[in-house]
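> Take this structure first; my questions come after.
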Amino acid sequence: MYRRSVILMCLILSVVVRNAYTDTKDCPAGSYCPPSIKTAQPVLCPAGTFSNVGQSVCTPCQSGFHAIKPGSTYCTICPAGYYCPNAHLSPLPCPLGQANDQRGQISCANCAIGHYTTDNGSTHCLDCPPGHFCDDAASLPKPCRLGEANNEMSQSHCKRCGVGNYSQTLGQALCDICPPGSYCNDPAVSPKKCPVGTFSRSGQTICTPCTVGYFMPYIGSTFCDYCPVGHYCPDVTQVKQPCPPGTFNDKYGQIICEKCENGYYTVNYGSTHCIHCPQGHICNNTYSLPESCPSNRLTRQTICLDNIG
């Protein structure tokens, strides 16, 4: 009788143990089941952690990963253009002036000098275009100011135009050279025409005055005219003047005309030489036509002589 009772007890215990083993389940993924806590329900992994099946503790997300909801079975890598400093929070977009071209980052990189971004969450910084400068990576490129230019990419400032050059519009990639007939003494101002009596070649800050014997009565000239023969040029700002009757000029570049000598004349304007008073005539002045002597008298250029003998 005793033996039968022992056997029956053993059978009952084996069934209880088997049923207990059968009812035990693995701790589900996304949860943890501490062995020291007797509970019927697994505990969800908190945000920033995860777990696989049958874990007694949750695993923190590694740097650059995140899990924003409790009960995560895995951590998500931080996308490019974002940074994840806290595993339990959503990814943060890179702010203006910063970028990230790789995943799994906890911070964004500042744009290099001469670069910028236009939006939050940028994966790369943009090159500052020619004609502009980028002194603030969080702002749009600024056009080069008047008197400045920039023909290179990724610049933080524009260069001032050199001597004899200018830029009269915003955002120029190159400075313009001052044209002939003008002067540029301020690179931020349009070229000014050379005044009368002066001239210039290209790239000049001042105009050159005409030298003595030259003239230029017009503005914006690239040269001065040489005073021609038969004329005189006393003022470089005025047109050439023809030599008046009784005077002449047989040379270029003169500021006065020469008077005809006694016995010579010229009645025209712009003469290059004086005419010898012809025989049988008198020339009382240098600017009138010769007068005929009486038939019985000779001439000595300026007077008529009695014909003796």
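> Amide H to amide H under 5 Å from Q204: which residues, 5+ apart in sequence or cross-chain, H placed 1.01 Å off N in plane?
Under 5 Å from the amide H of Q204 lie the amide H atoms of C178, C184, each far enough along the sequence or on another chain.
> While we're on this one: Would you mind pulling out the separation of the Cα centroids of the range 236-266 and the range 131-191, in Å?
52
> Using the alpha-carbon atoms, what tilt in degrees (0 to 90, nearest 10) does helix 2-23 show relative to the longest principal axis of the chain?
With both axes taken from Cα atoms, the answer is about 10 degrees.
> Can you work out the Karplus-derived ³J(HN,Hα) for every residue in the range 100-113? Use 6.51 cos²θ - 1.76 cosθ + 1.60 with θ = phi - 60°, whole Hz, and x for glycine or proline.
After applying 6.51 cos²θ - 1.76 cosθ + 1.60, I find 8, 9, 10, 8, x, 10, 9, 8, 9, 9, 5, 5, 5, 4 Hz.
> Turning to a different aspect of this structure: Quick one: 3J(HN,Hα) in Hz for the range 117-133, Karplus 6.51/-1.76/1.60 with θ = phi - 60°, rounded, Gly and Pro as x.
These are the phi-based 3J(HN,Hα) values: 10, 9, 9, 6, x, 6, 8, 7, 8, 9, 6, 5, x, x, x, 9, 9 Hz.
> Give me the one-decimal nm value for the distance between modelled label points at L89 and V53, 7 Å along each residue's Cα-to-Cβ direction.
3.6
> Taking other Cβ within 10 Å of each residue's Cβ, how do C84, C210 sort, fewest first?
Going from sparsest to densest Cβ surroundings: C210, C84.
> Still on this structure, I have one more. By how many nm would the segment from I256 to A112 grow when fully extended, if each residue of separation counts as 0.36 nm and the alpha-carbon distance is taken off?
Computed gain between I256 and A112 is 44.8 nm.
> Now for a different question. Based on other C-beta atoms within 10 Å, arrange L289, L92 from fewest to most.
Fewest to most other Cβ atoms nearby, the residues stand as L289, L92.
> Shifting gears a bit: Tell me the relative contact order for the range 178-226 as a rounded percent, counting alpha carbon contacts under 8 Å between residues six or more apart.
Answer for the range 178-226 is 39 percent.
> Hey, another quick one. Exposure proxy check: M216, M153 ranked by fewest other beta carbons within 10 Å?
M153, M216
Since every read-out is calculated from the coordinates, none of them should be taken as a lab result. From a predicted model like this one, the values you see are computed outputs, not experimental measurements. Every residue, glycine among them, receives a Cβ derived from its backbone with ideal geometry; neighbour counts consider all protein chains shown.
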